[in-house]
Amino acid sequence: MIGQDDSEKSAIATEFAEMVDEGLRAFSVDRLFGGEIKVDDLFDAAATLPMMAPRRIVIVFDAERLLIPKREGKLQTPTRSGWRRS
């Protein structure tokens, strides 16, 4: 969900988490934060089978932050043959 209302986004995430029985949520519901994980972490969580539940729920807060490249060192600029550091 996109928007500025964090409480509404949290409420919707809670509704999704409640699709799994309360006693099994620790095993079958993951809450991830886009600024703290890598895309591979998201894929791993989604590929994990649910434990003792019919479904697994993976909730990603600030998912748009996964699309922002992590900058290392200096700014990179495009060239015809690829990227170079400036």
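When D44 is tested against (1) surrounded by 10 or more Cβ atoms within 10 Å (Cβ to Cβ); (2) modelled with pLDDT under 90, just one condition goes unmet, and that condition is (2). Within the stretch 25-41, restricting attention to residues that are surrounded by fewer than 16 Cβ atoms within 10 Å (Cβ to Cβ) and of a type in the set (A, V, I, L, M), the residue that is nearest to L67 (Cα to Cα) is V39.
Of all the residues that make up the stretch 11-35, how many are of a type in the set (S, T, N, Q) and touching a residue at least 12 places away in the same chain (Cβ under 8 Å)? Summing the residues that are of a type in the set (S, T, N, Q) and touching a residue at least 12 places away in the same chain (Cβ under 8 Å) in the stretch 11-35 gives 1.
Let's see how each residue does on (1) modelled with pLDDT under 90; (2) in a loop (DSSP other than H, G, I, E, B):
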| position | (1), (2) |
| --- | --- |
| K9 | yes, no |
| A13 | no, no |
| L24 | no, no |
| F27 | no, no |
| L49 | no, yes |
| P54 | yes, yes |
| K74 | yes, yes |
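The values are calculated or read from the model by the stated rules, or taken from the named source; none is laboratory data. Please read these numbers as outputs of a predicted model, since none were measured by experiment. We place every Cβ from the backbone using ideal geometry, glycine too, and count neighbours over all the protein chains shown.
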